[in-house]
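So the structure is just underneath, and the comments pick up after that.
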């Protein structure tokens with residue numbers, strides 16, 4: 001090989017080695033930082049700095065890991081939202097049961113009161129027959145047994 005053919009080959013082989021040594025940092029006439037693989041012109045000072053380290057993992061792997069983390073975050077947020085809704089529903093149901101329990105206890109107390117007492121029914125205000133009173137007592141006791149826990 002002739003020396004003329006060796007020069008491009010030498011440049012190709014030497015370029016990565018020069019870059020591995022670092023980069024030149026110098027400032028131009030406007031005070032702007034200039035980073036270069038080559039030293040500045042004569043009369044200017046520069047210092048050698050090391051380039052950034054290579055990434056710890058390939059960008060595709062980092063992107064995939066980020067997507068998995070985002071999906072997990074979204075799943076956790078949905079789970080928390082469902083749990084909050086479930087708690088709110090349970091609290092509302094407990095409130096309804098508490099109201100039914102209180103009403104059933106009050107009605108049972110009234111049904112166990114004087115036999116001549118008047119009650120509001122679907123047909124108006126009237127006295128209940130003994131059979132109707134007993135049926136209402138049984139109904140109120142069933143509500144108390146299921147809702148008053």
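Just so it is clear, none of the values below were taken in a lab; they were calculated from the coordinates. From a predicted model like this one, the values you see are computed outputs, not experimental measurements. No Cβ is skipped: glycine too gets one built from the backbone with ideal geometry, and neighbour counts run over all protein chains shown.
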The FRET efficiency for residue 141 and residue 83, from their Cβ-Cβ distance with R0 = 30 Å and rounded to 0.05, is 0.30
Footprinting proxy, 29, 74: sorted fewest to most Cβ within 10 Å, the residues are 29, 74
Provide the gained length on full extension for the span residue 48 to residue 70, in nm with one decimal, where the gain is 0.36 nm per separating residue minus the Cα-Cα distance.
3.9 nm
Enter the angle in degrees (range 0 to 90, nearest 10) between the Cα long axis of helix 3-21 and the first principal axis of the Cα atoms of the chain, meaning the one along which they spread out most.
40
Measure nothing fancy, just the Cα-based angle from helix 130-147's long axis to the longest principal axis of the chain, in degrees from 0 to 90, nearest 10.
20
Output the 0 to 90 degree angle, nearest 10, between the alpha-carbon long axis of helix 59-111 and the longest principal axis computed from the alpha carbons of the chain.
10
Placing each pseudo-label 7 Å from Cα in the direction of the beta carbon, residue 94 and residue 131 end up separated by a distance in nanometres of 4.2
Sum of -39500 (n - 2.57) over DSSP H runs of 4+, divided by residues of the chain (222 nm, nearest 500)
-22000 deg cm²/dmol
If I stretch the segment between residue 32 and residue 60 completely, what's the gain in nm (0.36 nm per residue apart, minus their alpha carbon distance), one decimal?
6.7 nm
Options (i) -0.58, -1.53; (ii) -0.91, -1.26; (iii) -0.63, -1.76 - which one matches log10 I(q)/I(0) by the Debye sum over Cα atoms at q = 0.14, 0.22 Å⁻¹ as calculated here:
(ii)
Could you tell me the relative contact order of the stretch 59-147? Use alpha-carbon pairs under 8 Å, at least six residues apart, and round to a whole percent.
30
